[in-house]
Amino acid sequence: MSRNHVTTTVNGDEREFLCSPGQTLLDALRDELGMTGSKEGCGSGDCGACTVVLDGEMVCSCLVLASEAQGRRVETIEGIAEGSQLHPVQQKFLENAALQCGFCTPGFIVASKALLDKNPNPTETEVRYWLAGNLCRCTGYDKIVRAVMDAAAELRQERTAA
Amino acid sequence: MNAPEPKDAFKVVGTRPIRPDGVEKVTGKAIFGTDYKAANMLHGAIVRSPHPHARIKSIDTSKAEAVPGVKAVITGADFPSLEDIIVRMGESSGSTVDISTNIMAKDTAYYDGHAVAAIAAVTRQAALEAARLVEVDYEILPHVIEMCDAFAADATKIKAAINTVGLGEGEQGRPNASLKFTSAKGVAAAAMANAVHVVSGHYSLKPVHQGYIEPHAAVAAWKADGKLDVWCSSQGQFDVRGLTASVLHLEIGNVRVMPLEIGGGFGGKTTIYLEPVAALLSKKSGQPVRVAMTREEVFRATGPAPGGEIDVKLGADADGKLVSAEIEFQYSSGAFGGGDAWAGVMHSVNHYAIEDYKVTGWNVLCNMPKHAAYRAPGAPQINFAVESAMNDLADKIGIDPIELRLKSAVKPGDPSMMGSKFGEIGLIECLEAAKAHPHYSAPLGKNQARGFACGTWMNYGGPSTASVSLADDGSVLVTEGNPDIGGSRASMALMAAETLGVPYEKVNVTIADTSSIGYSMVTGGSRTTYATGIAVIEAAKAVINILRERAAKMWETDVANIEWIDGSAVCTDADNAGKSFTLAQIAAKAGATGGPIAFENGVNPLQHLPGYGAHICDVEVDKETGNVSVVRYTVVQDVGRAIHPAYVEGQMQGGAVQGIGWALNEAYIYNKDGRLDNAGFLDYRIPVASDMPMIDTVMVEKPNPGHPYGVKGVGEVPIVPPLAAVGTAVSRAVGKPMRSLPISPDKVYAALNGG
Amino acid sequence: MPDLAYHAPDTIKQATDLLAANKGSRPLAGGTDLIVQMQSGRVAPVAIVDLKRIASLKEIREEAGYFAIGAAVPCTSLKNNKALVAEWPGVVEAANLIGSVQVRNRATMSGNLCNASPAADSVPALVAAGATAIVTGASGEREVPVEQIPTAPGKTSLADGEFVSEIRIPRQQKGGSDAYLRSIPRTEMDIAVVGAAASIVLDASGTCTSARIAVGAVAPTVLLVEDASKALVGSKLDDAAVAKAMAAVSAACNPIDDKRGTVAYRKAMAGVLAKRVIQIARERAGGN
């Protein structure tokens, strides 16, 4: 079977992999690059556990062909923290106990950061609708929404201070 | 056991520190079921029946075997035959014949999605291609899906031989029933005849899925010495080990199960589906094999909680005190025996003191996947019927729903349905707290209405093992055998830190594989913080005793002169009075004072107490479309004592939202051919973030005297009351009883328009 | 299984050549339907022709007579075009009800149209707006009304090798606006049980001079309900006229019972949603 050679930027690093033409970006991240932080909960774009940011926009990596990533920028959960310094969204998820099993968490964190990058002061309703594509079965969403609102407040404060 | 310590004595119990595994989980590093990869691993794929009921005449695997890269193909014929042995499997039990048959069909496929063959190949793609080339010759048999069809006296019998329990001569006319169970007290019919107020109703529920976001996955390596290693996510590695060993006829000690992080279970991961398949493929291929389900496979072949058809009749005296309950119901159990009817009976009126009642439950087989435990298994369905009827009764009498319940609510010392006397239960406290909550008396907006319900789950204790050991710098290492499904590492660390008198941050918690610690029953039954917590606390206390002995040696005094205060050994003998060694100082000298400091402790505590919750729900109904929005929701629950309050609240909120989903949108939908029509998250509609309001929580803390820190199980209770709380709110908004779940917009619309 | 090939041409010419040369190939825009269908084995194209590297297909052009929306423009990008949002808020809203934000960052209106689902959210809005599709193939371009693209669930009028390269929406008339609503059991992430769009033009007196009402998920393809237009045009969109339009919409429906809804519910909802979108469009158009 023919394999495509793909060169792409993942979390700022240039990466190369071979993929079959029908392989998804999610499978390539997990199987070819060993980055298993992005999860497959459905494989059909319905759960958001595989959320990554592709050229600045969040997408379900299960709905992207790996070949499409040629020359593009991919940001995954593995790139959210800077070294051991957690991003405020990650820190607030921990402080608010916004995860129980933790399986949907990477997708939620990537999606939440994507929201706050675009909208530093979202309302609760905006947070809920933005995250409607990310399913969580454990928390009932309450603590997740609170964590995102908290992170937004902290980021606003950081920006003001800076 | 001593009474729990007073709350204000605690230093760390009741605080909300960051969970020990948190950073791994927010950075994507935690290894879940499908994340684990073994060296030289093959990839599996499963061939599944497209028919709900069919005899397997033959299976031709030759074309599949010819696909390049295919290393092994198995069918039901590759499984060991089994004697019918009951084995423990967490909250339910089942025969190994049923479990093995459910894992892979032998001569008959019993449901759409039933596994009939499996492939292992060098790539997932090759395995999938080979799976498509397996040729199965089916003889299609009549199928039965809906409960009313399955329970009919003239129903098509879906299995020649059904193990029946409790079916007397007169009841053999139910071809698909596997259990009839009755709990009765007094003479319910006579008491009903004397009741002043009587309400009755028929209630219906569809099967629903647990809906964990992580699909099942397992890696198995059958080693040259005949031993088996398994890596998987589950609610209990020990029960995966036991069941896998049973199905494969292996000695338990030859199977080692490594627990991976679990991406949700809610009861659905207390059993096994893939482990023996991966093991047999590994045995045949000589390589480790990973078998993972797609989401569609999860819906078609795992889960569901039973659907139910329930008749309820409640009678009360002039004052509103319940005097009789007559209840009969059927629960679907899928194509196999067992089921939740027993639990349904025992949770029907276990929250009310009633002198006369008769409750009968049936388990009924149908051509659906084998039922699996789902959070308080069997309780939400019956509670929906009973609590909806209670609200009807309140309306009929013209009394406040909480007042009505207070007249009959069980209290400590009352007899339970189980035949024992209730201990320090907290239903009345929950009802009082709900009544006092501002939500209960808040004004409602246009097209809004409020529902209330309370409910119970029995909870459990049972066997757990934990060890506590110290490193020579004073680090505390807790090792346990229960997967952390929602923050239990944090609660174990808090209890160990509290007991030892050390900071939370000093405690590290590891969840060990089945060869590295003693048996621990599944993380389920709301038992882990209670039972495994006791194992941890007692192990920590044993370590304190060792530390006291070591300190005594260091001071050359009698151990009786050593007290353990706030993490230090304090000497009380005359020579050294007031001197102290910290835990770390003693640990540093362990080599010189007797060797490593460690204690492993197996426990089997059974002083768990039932949990109770009271829920208030406000909905708004769009009268033109029938759409229902939950606009406000409050969960009140007796939690005993919250070790880590944030994760207790999380259980309350998550359980409530699962119940709201069950009430409004979730259901298995089969087409006329008996195929599951909504095997995906698009059409199996679990709640999304924008569907929900914040979920307010009130933790009532009435400590359990049977736990050093007062713990009661909290995980399951919160899914019990929402069905009736939501259903009643919608019924009131609509002005008609909504007794069939899910209460979808088209049903509401029909009710509003004379349907 | 035949090998699949992935192509990412830079020009429309390359794309049409590739599609023509590989019988059984499929154009890839957002991929939110195609990739799911490939993963589940429902479709097995021999080649994928990714349109997202073709610069002209990633643009929204504001021409004098129409907006041209390239086949590779994701739904969320529509919200960034102020003129489009001002003139066709209903179209932009409809496209931004599909799936989740993640999905809409990929999904395109051309793809939504060519997937030919009777429940596609953007299609009723496009039909109501009088949009056309530019169908491109090896032999050139043709412009067809969008309602002529889907012919049955999952089927289109496109010939092998053709694809929709652009959707054109006429510039809004003075006094005109539109709206789209759908009925779903949840608040997001659902397929429309019923969808309804209205495009309304009012004159200075508030009299309706043009009305196009389209409904989805109530027939094998999206319906443009002529009788609803007749009921509304010439009226001031008073209650009686709207009620007549509602009845016309319900009568035009030919839905099925399926896992997402019943015949009776769909017919009723088509009327209710039609009423609501007419009211919203009227308000947006400046009526009272």
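The values are calculated or read from the model by the stated rules, or taken from the named source; none is laboratory data. Since the structure is predicted, the reported quantities are computational estimates derived from the model, not experimental observations. Positions of Cβ are generated from backbone atoms using ideal geometry, with glycine treated the same way; all protein chains shown enter the neighbour counts. Note: areas computed on protein heavy atoms with side chains; ligands, DNA, RNA excluded. Shrake-Rupley method; radii C 1.70, N 1.55, O 1.52, S 1.80 Å.
Among the residues of region C:243-262 satisfying the criterion of being of a type in the set (Val, Ile, Thr) and surrounded by fewer than 24 Cβ atoms within 10 Å (Cβ to Cβ), which is nearest to B:PRO742 (Cα to Cα)?
Per the stated criteria, the residue is C:THR262.
Could you run through region B:187-240 and say how many residues are over 28 Å from the mean Cα position of the chain (by Cα), acidic (Asp, Glu) and either closer than 24 Å to A:THR36 by Cβ or buried (at least 19 other Cβ atoms within 10 Å of the Cβ) (or both)?
0
Taking the stated definitions as given, is C:VAL215 touching a strand residue (DSSP E or B) at 6+ places or on another chain (Cβ under 6 Å), part of a strand (DSSP E or B) and under 25 Å from C:ASN81 (Cα atoms)?
no
Run A:VAL6 past the list (1) open to solvent by less than 20 Å² (accessible area, probe 1.4 Å); (2) in a loop (DSSP other than H, G, I, E, B); (3) more than 7 Å from every other protein chain (Cβ to nearest Cβ) and report the number of the one that doesn't hold.
Tallying (1) open to solvent by less than 20 Å² (accessible area, probe 1.4 Å); (2) in a loop (DSSP other than H, G, I, E, B); (3) more than 7 Å from every other protein chain (Cβ to nearest Cβ), A:VAL6 fails exactly one: (2).
Residue-by-condition table, conditions (1) within 26 Å of B:ARG739 (Cβ to Cβ); (2) within 20 Å of the chain's Cα centre (by Cα); (3) in contact (Cβ under 8 Å) with a residue 40 or more places away in the chain:
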| position | (1), (2), (3) |
| --- | --- |
| B:GLU261 | no, yes, yes |
| B:LEU281 | no, no, yes |
| B:LYS284 | no, no, yes |
| B:PRO288 | no, no, yes |
| B:ALA301 | no, yes, yes |
| B:ASP319 | no, no, yes |
| B:LEU322 | yes, no, yes |
| B:TYR331 | yes, yes, yes |
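Looking only at residues that are among the hydrophobic types (A, V, I, L, M, F, W, C) and open to solvent by 10 Å² or more (accessible area, probe 1.4 Å) in region B:294-325, which one is farthest from the other protein chains (Cβ to nearest Cβ)?
B:ALA318
Among the numbered criteria (1) assigned to a helix (DSSP H, G or I); (2) within 8 Å of chain B (Cβ to nearest Cβ); (3) open to solvent by less than 10 Å² (accessible area, probe 1.4 Å), which single criterion is violated by A:CYS101?
Condition (1) is where A:CYS101 drops out.
Name every residue in region A:15-66 that is open to solvent by 10 Å² or more (accessible area, probe 1.4 Å) and either in the same structural domain as A:LEU116 (by TED's automatic domain parsing) or of a type in the set (Lys, Arg) (or both), in order of residue number.
Within region A:15-66, A:ARG15, A:ARG30 qualify.
Out of all the residues in region C:114-124, is one or more within 13 Å of chain A (Cβ to nearest Cβ) and β-branched (Val, Ile, Thr)?
no
Could you please give the count of residues in region B:670-697 that are touching a residue at least 24 places away in the same chain (Cβ under 8 Å) and away from chain A (no Cβ under 14 Å)?
The number of residues fulfilling the criteria is 5.
For B:GLY578, state whether it is among the small types (Gly, Ala, Ser), open to solvent by 20 Å² or more (accessible area, probe 1.4 Å) and assigned to a loop (DSSP other than H, G, I, E, B).
For B:GLY578, the condition - among the small types (Gly, Ala, Ser), open to solvent by 20 Å² or more (accessible area, probe 1.4 Å) and assigned to a loop (DSSP other than H, G, I, E, B) - is met.
Output the number of the condition that C:ILE191 fails; it satisfies all remaining conditions of (1) in the same structural domain as C:CYS253 (by TED's automatic domain parsing); (2) within 19 Å of C:SER77 (Cα to Cα); (3) not in a strand (DSSP E or B).
All conditions pass for C:ILE191, except number (2).
For region A:26-61, which positions are assigned to a helix (DSSP H, G or I), more than 9 Å from chain B (Cβ to nearest Cβ) and farther than 23 Å from C:ILE54 by Cα?
A:LEU26, A:ALA28, A:LEU29, A:GLU32
Which of the residues spanning region B:456-483 are assigned to a loop (DSSP other than H, G, I, E, B) and touching a strand residue (DSSP E or B) at 6+ places or on another chain (Cβ under 6 Å)?
B:ASN459, B:GLY481, B:PRO483, listed by residue number.
Every residue in region B:699-712 that is open to solvent by 10 Å² or more (accessible area, probe 1.4 Å) and touching a strand residue (DSSP E or B) at 6+ places or on another chain (Cβ under 7 Å), please.
Within region B:699-712, B:MET699, B:VAL700, B:LYS702 qualify.
Might you let me know whether region A:26-36 holds any residue that is touching a residue at least 12 places away in the same chain (Cβ under 8 Å) and closer than 22 Å to C:GLU188 by Cβ?
yes
Could you pull out every one of the strands (runs of 3 or more DSSP E) wholly within region C:130-180 that has 2 or more residues that are farther than 18 Å from C:ALA83 by Cβ and touching a Phe, Trp or Tyr at 6+ places or on another chain (Cβ under 8 Å)?
Correct list: C:132-137.
Can you find a residue in region C:263-286 that is part of a loop (DSSP other than H, G, I, E, B), surrounded by fewer than 20 Cβ atoms within 10 Å (Cβ to Cβ), at pLDDT 95 or above and at positive phi?
So far as region C:263-286 goes, no, none of its residues is part of a loop (DSSP other than H, G, I, E, B), surrounded by fewer than 20 Cβ atoms within 10 Å (Cβ to Cβ), at pLDDT 95 or above and at positive phi.
Just for helices (runs of 4 or more DSSP H) wholly inside region C:4-104: which have at least 1 residues that are in contact (Cβ under 8 Å) with a residue 24 or more places away in the chain, within 27 Å of A:ASP46 (Cα to Cα) and within 11 Å of chain A (Cβ to nearest Cβ)?
Helices (runs of 4 or more DSSP H) meeting the threshold: C:34-39, C:75-78, C:101-104.
Within region B:715-742, track down each residue that is surrounded by fewer than 24 Cβ atoms within 10 Å (Cβ to Cβ), within 12 Å of B:SER388 (Cα to Cα) and in contact with a Phe, Trp or Tyr (Cβ under 8 Å, 6 or more places away or on another chain).
Across region B:715-742, the qualifying residues are B:ARG739, B:SER740.
Could you list, in sequence order, all residues of region B:177-225 that are modelled with pLDDT of 95 or more, of a type in the set (Lys, Arg) and under 24 Å from B:GLY308 (Cα atoms)?
B:LYS185, B:LYS206
For region A:67-85, which positions are of a type in the set (Asp, Glu), surrounded by fewer than 23 Cβ atoms within 10 Å (Cβ to Cβ) and more than 9 Å from chain B (Cβ to nearest Cβ)?
A:GLU75, A:GLU82 - these are the residues of region A:67-85 that are of a type in the set (Asp, Glu), surrounded by fewer than 23 Cβ atoms within 10 Å (Cβ to Cβ) and more than 9 Å from chain B (Cβ to nearest Cβ).
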